[in-house]
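Visitor: Before anything else, here's the structure in question.
The values are calculated or read from the model by the stated rules, or taken from the named source; none is laboratory data. Computed from a prediction, not measured in an experiment: that's the story for all the values here. Cβ sites come from the backbone with ideal geometry, for glycine too, and all protein chains shown count toward neighbours.
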Amino acid sequence: MTARPLYKVEGGREYILRFKPITQLGHLFLLIGMTLSFITGLAMFFKFGERNIFDSLGLALGLPAPNTSQQLISWLHDWVGPILMLIAVVIVLVASDKKSGLKYITNVGEAYRVLVETAKYRFGKRKDYPPTPFYHPWQVLWVWGVIVGLLLLGVSGLFLVLEKWFYMYILPPWWRGFMSLLHIIGAFIFFAALPIHFLMGLFPTNWPMLKSQLLLRGYVEKEWWMAHHKAYAEEVLKKSGGGL
Ligand code: HEM
């Protein structure tokens, strides 16, 4: 299969590659898996005695709640959600350009400089929006939040699943409490950051990106790039001979 060019002209419009469709498929798996685990995790956390907030849904669906709805929650939370997220991680690791990806998220100096310059722009201390690399500094923070959050949830979740489903008590009791704590910390990273990410994704400044070829083909029009990630766009245009 031929690699997608970073820059292309189609129908008289210029496009730059944002995310390959396969990487976006990984994102979709992550989104569905995380949402399932998230909602069912909340139901487990806010359980009132033997009842959980899904019981009325179970009853409305004709399930003999509370037991069936609790089983359903366990299956979705402990198996379906994590497996979908694991598939997502494998897809992203196999399909993405790891070298560039790592470069984008480890250049702390550049992220800090862009953050300071953006703040100056927001407070009227500079006229133009600063040239920004592939990821804005907040996006870099989000990527790290996702990596750390998924690691915490994954490692702690694995031990909790081994105990709950296979009765394998590998860890001493106080470690179990520690694993539960890690699981809750991981969950709260997403609890706090996911609504922000969700809203940012649907924010009006991102509509041109969502309306362009991003979702199916991975490309976004040059105008969006120049407005939001000018430093990266200029780098690509210079390399591929596109007009600046
Ligand atoms: C809840 C619904 C979600 C929506 C509407 C959404 C939307 C988006 C959009 C539009 C982008 C591309 C942003 C850009 O190219 O500038 C993106 C990127 C990304 N998403 Fe999501 N997403 C959602 C859920 C998730 C979940 C559950 C995770 C991880 C647990 C996640 C992790 C990421 C990461 C790591 C990126 C790349 C960094 C970034 O561009 O911010 N997303 N998302």
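Visitor: Please go through segment 126-144 and pick out each residue that is surrounded by 19 or more Cβ atoms within 10 Å (Cβ to Cβ), within 11 Å of the ligand (Cβ to nearest atom) and part of a loop (DSSP other than H, G, I, E, B).
Guide: Correct list: T132, F134, Y135.
Residues are listed down the side, and each one gets a yes or a no for (1) within 14 Å of the ligand (Cβ to nearest atom); (2) at pLDDT 90 or above; (3) of a type in the set (V, I, T):
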position: Y7; (1), (2), (3): no, yes, no
position: R13; (1), (2), (3): no, yes, no
position: Q24; (1), (2), (3): yes, yes, no
position: F29; (1), (2), (3): yes, yes, no
position: A43; (1), (2), (3): no, no, no
position: F48; (1), (2), (3): no, no, no
position: N52; (1), (2), (3): no, no, no
position: L57; (1), (2), (3): no, no, no
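Visitor: Restricting attention to segment 145-158, which residues are surrounded by fewer than 19 Cβ atoms within 10 Å (Cβ to Cβ), closer than 24 Å to L171 by Cα and of a type in the set (A, V, I, L, M, F, W, C)?
Guide: If the condition is that a residue be surrounded by fewer than 19 Cβ atoms within 10 Å (Cβ to Cβ), closer than 24 Å to L171 by Cα and of a type in the set (A, V, I, L, M, F, W, C), then V148, L151, V155, L158 are the ones that fit.
Visitor: Quick one: is W174 exposed (fewer than 14 other Cβ atoms within 10 Å of the Cβ) and either closer than 23 Å to L25 by Cα or at pLDDT 95 or above (or both)?
Guide: So W174 fails the test.
Visitor: Taking the options L215, L171, L182, name whichever one is more than 16 Å from the ligand (Cβ to nearest atom) and under 20 Å from the mean Cα position of the chain (by Cα).
Guide: L182
Visitor: Could you list, ordered by first residue, the pairs with Cβ atoms under 6 Å in which the first is in segment 25-49 and touching a residue at least 12 places away in the same chain (Cβ under 8 Å) and the second is assigned to a helix (DSSP H, G or I) and near the ligand (Cβ under 10 Å from one of its atoms), at least 6 apart or interchain?
Guide: G26/A88; G26/V92; F29/A88; L30/M85; L30/A88; G33/M85
Visitor: Hey, could you check segment 68-121 for residues that are hydroxyl-bearing (S, T, Y) and surrounded by 13 or more Cβ atoms within 10 Å (Cβ to Cβ) and say which is modelled with the lowest pLDDT?
Guide: Within segment 68-121, the match that is modelled with the lowest pLDDT is T68.
Visitor: Identify all residues within segment 108-137 that are more than 21 Å from E234 (Cα to Cα) and touching a helix residue (DSSP H, G or I) at 6+ places or on another chain (Cβ under 9 Å); write none if there are none.
Guide: Within segment 108-137, just K125 meets the criteria.
Visitor: For residues in segment 222-244 being in contact with a strand residue (DSSP E or B) (Cβ under 6 Å, 6 or more places away or on another chain) and away from the ligand (no atom under 13 Å from the Cβ), which is nearest to K103 (Cα to Cα)?
Guide: V236
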